Amino acid sequence: DAVTALEPRRVAGRSADGLRVTPADRDTTVGAVDVWSDPSTGVPLEVRVLPRGATRPALTTRFLEFAAGRPAESEIAPRPARGLVRSTVDAPDLLSRLVAFTNRRLPDRLAGRPALPGTASVASIRGYTGGFSSLAVAPLPPRYGQRLVATAQEAGAAVTPLRVGGGPGRGEFLMLTTPLLTAMLFHADTGVTFLLAGAVRPEVLRGAAAELAA
């Protein structure tokens with residue numbers, strides 16, 4: 001990856017030093033990442049992510065105010081209004097809901113990328129590290145996956161057969177592409193539906209889906 005200096009700019013009332021990281025990986029949709037940091041602490045104050053071939057960022061995040069010190073407890077403690085009724089609810093997150101209905105084990109390597117370490121509670125959902133071209137894969141509960149595909153078709157989405165090397169189809173997929181993020185809903189002939197996503201070219205997800213269907 002290439003790193004070049006950017007002109008300093010004021011962010012959150014401070015002068016911030018800038019640099020640009022340009023990924024060398026041709027599989028990623030990320031064209032450049034611009035970062036301006038506080039010179040005294042090194043904390044990034046503004047980050048911009050530009051898609052490949054673009055001159056304007058698709059994603060920007062920045063501080064409006066910044067103080068390096070630890071805030072006082074009184075500044076961050078909630079102060080509910082008098083008479084407000086409070087309750088505590090323990091609700092499972094999305095990952096927990098997904099893994100509760102599927103125990104399919106994903107491979108330790110996919111699309112040439114090693115799997116990130118996981119936990120037993122979400123073993124069926126995995127991330128595959130490839131630097132800027134990393135991707136995530138989640139097998140969906142059978143009925144939920146089929147319902148998603150059917151709903152997308154009813155809405156007019158095009159379903160494409162997945163073929164490998166001119167051979168018979170391995171399933172069908174829906175592809176969603178944006179300048180920065182690519183997502184695929186793949187329904188394999190085995191009956192399993194996978195959700196794949198990452199800042200990668202569509203070809204990367206198609207290759208990963210072919211491996212999952214093998």
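The values are calculated or read from the model by the stated rules, or taken from the named source; none is laboratory data. Predicted, not measured: the structure shown is a model, and the values here were computed from it. No Cβ is skipped: glycine too gets one built from the backbone with ideal geometry, and neighbour counts run over all protein chains shown.
Here Asp27 meets the list (1) without any contact (Cβ under 8 Å) to a residue 60 or more places away in the chain; (2) surrounded by 14 or more Cβ atoms within 10 Å (Cβ to Cβ); (3) of a type in the set (D, E, K, R) almost entirely, failing just condition (1).
Pick from segment 127-136 the residues that are buried (at least 22 other Cβ atoms within 10 Å of the Cβ) and under 15 Å from Glu203 (Cα atoms): which of them is nearest to the chain's Cα centre (by Cα)?
First, the residues of segment 127-136 that are buried (at least 22 other Cβ atoms within 10 Å of the Cβ): 128, 133, 135.
Applying the additional criterion that residues be under 15 Å from Glu203 (Cα atoms) yields 133, 135.
Values: Ser133: 10, Leu135: 7 Å.
Checking each candidate, the answer is Leu135.
Can you tell me which of Gly42, Gly18 is at pLDDT 90 or above, over 20 Å from Val200 (Cα atoms), loosely packed, with under 11 Cβ neighbours inside 10 Å and outside the structural domain of Val204 (by TED's automatic domain parsing)? Gly42 is the lone residue from the list that is at pLDDT 90 or above, over 20 Å from Val200 (Cα atoms), loosely packed, with under 11 Cβ neighbours inside 10 Å and outside the structural domain of Val204 (by TED's automatic domain parsing). Among the criteria (1) at pLDDT 90 or above; (2) in a helix (DSSP H, G or I); (3) out of contact with any Asp or Glu (no Cβ under 9 Å at 6 or more places or on another chain), the one Glu203 does not fulfil is (3). Residues in segment 147-176 that are in a strand (DSSP E or B) and either of a type in the set (Phe, Trp, Tyr) or modelled with pLDDT of 80 or more (or both): Thr160, Leu162, Gly171, Glu172, Phe173, Leu174, Met175, Leu176. Inside segment 1-47, residues that are in a strand (DSSP E or B) and not aromatic (Phe, Trp, Tyr) make up a count of 31. Contact annotation: residue pairs with Cβ atoms under 7 Å, 6 or more positions apart or on different chains, pairing a residue in segment 109-125 that is modelled with pLDDT under 85 with a partner that is surrounded by 11 or more Cβ atoms within 10 Å (Cβ to Cβ) and of a type in the set (Lys, Arg), are Gly118/Arg126; Ser124/Arg104.
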